[in-house]
1. Distance in nm between label sites at R48 and I167, each 7 Å beyond Cα in the beta-carbon direction?
2. Kindly identify the stretch 88-178 as rounded, prolate or oblate by the Cα gyration tensor criterion: order the square roots of the eigenvalues as a ≥ b ≥ c, call it rounded if a/c is under 1.5, otherwise compare a/b with b/c, prolate if a/b is larger, else oblate.
3. Calculate, in nm to one decimal, what L211 and D56 gain on full extension: separation in residues at 0.36 nm each, minus their alpha carbon distance.
4. Using a 10 Å cut-off on Cβ atoms, rank the peptides 131-137, 179-185 from the highest mean neighbour count down.
5. In what sequence, highest mean first, do 78-85, 52-59 appear when ranked by Cβ atoms within 10 angstrom?
6. How far apart, in nanometres, would the label points at K78 and K178 be if each is projected 7 angstrom from Cα along the Cα-to-Cβ direction?
7. Considering all alpha-carbon pairs of the stretch 55-97, what whole percent are spaced by more than 15 angstrom?
Amino acid sequence: MNQRRIYCLLFIMSLTTSGCVVNSNHHGDGPSNEDMTLDQIVQTDFNRTVTIAMRDNLESLKVLTEKLYRRNPNQWRKTTAKNIDQAIRRSNAAIDSRTPPAALKGLSDIQILSVSLDPSYPGDRVAAFVYGLADTIIRAHNGKTRFYATDAIDAQHVYNAARNVEIAAWLLATRTDKHNQPLLLANEMGPDDTNLSFEREFGQIIGRLDLIANLMDENLRRVGINYVQGLLFFNFLPVR
């Protein structure tokens, strides 16, 4: 390895170990990027796009968790949580560790979603519903939340996940119990107040999933195009 390459490698490693950030914003008022980490060396631009989309989708689900618990306090009170904040933390930790609610062990993705919106389900619907959405999205990405150059994802699976989120959002808004009351309160429209924040979060998740599904096909196509372009517009490298 020549001296120039050694200097370049040392520079990259210094960025990854120092936690350098570019346009990092964690307050919701601008672009939010991740700190530089060592594993980003083996991520393509497209891998980074999918990783960030996954991160943002899981964050949207955590936002939905808090919103649903605040609209439906009877759900977290079914658990052993001492307060709503503890219930939110437990639900978020379950998503991060991919540990389904104890009552739903053995089930996954759309199975959990179906149970969470079954009128006869006696458990915490919020935790089950949000975990089911998270598991559906992650499984559509081959069970991963970070992506590297060797990973292959099926665009159709991601597209199907987007449609499942659409169906889940519709069922959340329409499914009722035997007394014709909503299983979970979400969007609210009335003469005095309107709350469509749930719809906005669902829309963002669906939009990201559809974008990734479309980009996957485009990414494969561009690999071939870039190779041909390299042959057609070949340029010699400077030697001085």
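1. 3.6 nm
2. Judged from the Cα gyration tensor, the stretch 88-178 comes out oblate (a/c at least 1.5, b/c at or above a/b).
3. 54.5 nm
4. Ranked from most to least packed, the peptides come out as 131-137, 179-185.
5. Working: 78-85: 12.8, 52-59: 18.4.
The most tightly packed comes first, giving 52-59, 78-85.
6. 1.5 nm
7. Distances greater than 15 Å cover 36 percent of the Cα pairs.
Values quoted throughout were computed directly from the atomic coordinates according to the rules given, and no laboratory measurement underlies them. For clarity, every value in this text was computed on a predicted model and none was experimentally measured. When we count neighbours, we look across all protein chains shown, and the Cβ atoms used for this are built from the backbone with ideal geometry, even at glycine.
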